[in-house]
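These notes concern the structure reproduced below.
The numbers here are math on the coordinates, done by the rules we state, and not lab data. Remember, predicted model here, so these are calculated numbers, not experimental data. As a convention, Cβ positions derive from the backbone with ideal geometry for all residues, glycine included, and neighbour counts pool all protein chains shown.
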Protein chains: 2
Amino acid sequence: MRIVALAGGIGGARFLRGLKEAVAPGDEITVIGNTGDDIHLFGLKVCPDLDTVMYTLGGGIHEDQGWGRADETWSVKEEMKAYGVGPEWFGLGDRDFATHIVRTQMISAGYPLSAVTEALCDRWQPGVRLIPMSDDRVETHVRITDGQGTRAVHFQEYWVRLHAAVDAEAIIPVGADTAKPAPGVLEAVAAADVILLPPSNPVVSIGTVLAVPGIRQAVASAAAPVVGLSPIVGGAPVRGMADKVLAAVGVDTTAEAVARYYGADLLDGWLVDTSDADAVQGVEEAGIRCRAVPLMMTDVPATAAMARTALELAAEVRG
Amino acid sequence: MRIVALAGGIGGARFLRGLKEAVAPGDEITVIGNTGDDIHLFGLKVCPDLDTVMYTLGGGIHEDQGWGRADETWSVKEEMKAYGVGPEWFGLGDRDFATHIVRTQMISAGYPLSAVTEALCDRWQPGVRLIPMSDDRVETHVRITDGQGTRAVHFQEYWVRLHAAVDAEAIIPVGADTAKPAPGVLEAVAAADVILLPPSNPVVSIGTVLAVPGIRQAVASAAAPVVGLSPIVGGAPVRGMADKVLAAVGVDTTAEAVARYYGADLLDGWLVDTSDADAVQGVEEAGIRCRAVPLMMTDVPATAAMARTALELAAEVRG
């Protein structure tokens, strides 16, 4: 079976770890990773979501943190601070730096991000094929109004530095309109037996992947059933600050509203948490098959159970 | 008093630390640093000699090693190895990496190396004005013949990877012929009251500085006396493998031969070690005032004594 998953960072990566446990030997998983939160720091190209997936599935992730490397040291960051070179708010450890140095060097040598990601994964052996959504530069910016007036800041600045404490007025995936899907993305979607939307941020993670021209249409018209898992449980994001960016696109922070935001043209099935069982009817009325099951990724077995249910629902809607 | 010193790496840096102790309050030291051993590694511009001077005088040097940072960590290098990205033979620690990242970022932003060096020194406060010999790229290559045939390798590869174990057939300062002295170099030489050649490598350190068109002529024609200290003691380099590169330029590894290599047009005074007292006559016959004094930089006081003697000899030849 060929499974395609679109993924953001921590939530997506943890779901994928469960999915790997849930699939049968011989099944192939292709992950189309969000690159909208990529950022250029210290002259280096940093791809937080791709790296979180790669480190998590490859065994190098800092487990408690959910991002960055295990057994990390912070000498480079200390020195940057001593040189007065910022930003200080973005946490890049020494081991993580090495990834960005290798990536930047390869990109400078002319390799597209998809080839670089494949090369990095040669080391990490994540057990999935990880493809960035695009080789073109896309950067999600967030429009905010604060003491400095109304302005757009990089998504990482909004999320990491400002902790999404200011309202997001608009989400702008800069460059997405002219970006092309990376080689292999449309082919994987077309050849998929199942397409999964993990419980990642529907706006700035999966939404950005879908914003690359051609990808949303390919997913919506794919022969494979498309099943998503709600990142909203009990009216709040399980982790992160999705409510802030959902508000920016005029969507309520509920499991049903997110399903409707994706839309019945895209989604065939939708899983909500058992605590949101009363949302099932509304989602089904929108034309999307829905089930309420436990959706807390407390550990790998619980996550694998979620993935199995998603695959079952896919089989069910396939008929 | 305005003192100008040309300097290479470890030997030059250690001499400068003694010189700082030897001068009077208010004296100004300008260091013209060799950049011929600069190398691009991992997409970063690395300036080993400039950094050795900056770290040594700024209190950040790894004392025993003589190069690199104190309290260094090696996570980035470990990760590079795990990614299979070389070269492995060049030792870049995490703290050192930060310097190269800041430098590379500033150079990418359009700043010349001299401005970048000044910015880095803002942090280190080396107590001297450190100017690279040139803002233009100059890289010393060494012609060798080994199992792979006759070829030119970067000086760092010859020195660090091959440990100068193969004979150097020629020393080629690639780019030196079209390089221009960095802003301030010629002005500092012209305005100097004393010009010192520390016991650095006469070929690949000080020789490379002098190879930048205009610098040798400026030093030779400067109003200030020019006094050098022999890096050769008892027929062998005090440290490093200067004998190998001296042989490549047809110069014997003796204190007298090095003085004659610099030439009486350049040097007004020359210090040899007490163990080389029999060289004094030959050096003076070449038209260079010479004294034999202890030249082992065993500690800062001993080095300061050498610097004081050099300044005294300069006063003497000035007349």
Subject >> Amide H partners (placed H, <5 Å) of A:Arg2, local residues excluded >> reply: A:Glu28, A:Asp193, A:Val194
Original post:
Within the protein assembly as shown, what percent of beta bridges assigned by DSSP are antiparallel, to the nearest 5?
Top reply: 45 percent
**OP:** Give the long-range amide H neighbours of B:Thr73: residues separated by 5 or more places, or on another chain, with amide H under 5 Å away, using H modelled in the peptide plane at 1.01 Å from N.
**Re:** B:Asp94, B:Arg95
Original post:
Which residues' amide hydrogens lie under 5 Å from the amide hydrogen of B:Trp270, considering only partners 5 or more residues apart or on another chain, with H built in the peptide plane?
Top reply: B:Gly228, B:Arg289, B:Cys290, B:Arg291
**OP:** Write down the percent of antiparallel bridges among all DSSP beta bridges whose residues are both part of chain B, to the nearest 5.
**Re:** 45 percent
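Using only DSSP helix segments of four residues or longer, with each worth -39500 (n - 2.57), what per-residue ellipticity at 222 nm results for chain B after dividing by its residue count and rounding to 500?
Details: 12 runs with 119 residues, N = 319.
Computed mean residue ellipticity for chain B: -11000 deg cm²/dmol.
How many Cβ atoms of partner chains, on average, are near each residue of B:33-46 if near means within 10 Å of its Cβ? Please list the in-between numbers first.
Working: counts 0, 0, 0, 0, 0, 0, 0, 1, 2, 5, 11, 5, 0, 0.
Averaged over the peptide's residues, the number is 2.
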Subject >> Per-copy distances of the B:Ala277 label point, shortest first, in nm (7 angstrom along Cα→Cβ) >> reply: 10.3
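Looking at region A:1-69, what % of its DSSP beta bridges pair antiparallel, to the nearest 5?
Working: 4 of 10 bridges.
The answer is about 40 percent antiparallel.
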Original post:
Can you list the lysines whose alpha carbon sits under 20 Å from that of A:Lys77, skipping same-chain ones fewer than 8 residues off?
Top reply: A:Lys45, B:Lys45, B:Lys77
Subject >> Other copies of B:Thr298: label-to-label distances in nm, shortest first, labels 7 Å along the beta-carbon direction >> reply: 7.1
Original post:
Can you give the translational diffusion coefficient of the protein assembly as shown in µm²/s, computed by Stokes-Einstein from the Kirkwood radius over Cα pairs at 37 °C and 0.692 mPa s?
Top reply: 118 µm²/s
**OP:** Just report the Cα centroid separation between region A:160-187 and region B:220-256, whole Å.
**Re:** 60 Å
Subject >> Separation of alpha-carbon centers, region B:116-141 and region A:83-109, rounded to whole Å >> reply: 23 Å
**OP:** List, in order, the whole-Hz ³J(HN,Hα) value for each residue of region B:118-128 obtained from phi through the Karplus relation with A = 6.51, B = -1.76, C = 1.60 and θ = phi - 60°; use x for Gly and Pro.
**Re:** 4, 5, 5, 5, 4, 6, 7, 6, x, x, 9
Original post:
Hey, what do the phi angles of region B:90-101 turn into as Karplus ³J(HN,Hα) couplings, whole Hz, using 6.51/-1.76/1.60 and θ = phi - 60°, x for Gly and Pro?
Top reply: 9, x, 10, x, 5, 5, 5, 3, 4, 4, 6, 5
Original post:
Per-residue HN-Hα couplings for region B:306-311, Karplus 6.51 cos²θ - 1.76 cosθ + 1.60 at θ = phi - 60°, whole Hz, x for Gly and Pro?
Top reply: 4, 5, 4, 5, 5, 5
Original post:
Out of A:Thr145, A:Thr56, A:Thr254, any idea which swings most in a Gaussian network model of chain A, alpha carbons joined below 10 Å?
Top reply: A:Thr145
Subject >> Choice from B:His100, B:His62, B:His141 with maximal GNM fluctuation in chain B (Cα, 10 Å cutoff) >> reply: B:His62
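What range in chain B is the longest one free of GluC sites (Glu not before Pro) that are in a loop by DSSP and have at most 11 other Cβ atoms within 10 angstrom? All intermediate terms of the calculation are to be shown ahead of the outcome.
Values: sites that count: B:Glu63, B:Glu88.
Formally, the longest exposed-site-free interval is B:89-319.
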Original post:
For chain B, what is the relative contact order in percent, using Cα pairs closer than 8 Å and at least 6 residues apart in sequence?
Top reply: 20 percent
Original post:
To one decimal in nm, how far is A:Gly319 from the same spot in the other copies, if labels go 7 Å from Cα toward Cβ? Please give the shortest first.
Top reply: 10.9
Subject >> Choice from A:Ala98, A:Ala22, A:Ala279 with maximal GNM fluctuation in chain A (Cα, 10 Å cutoff) >> reply: A:Ala98
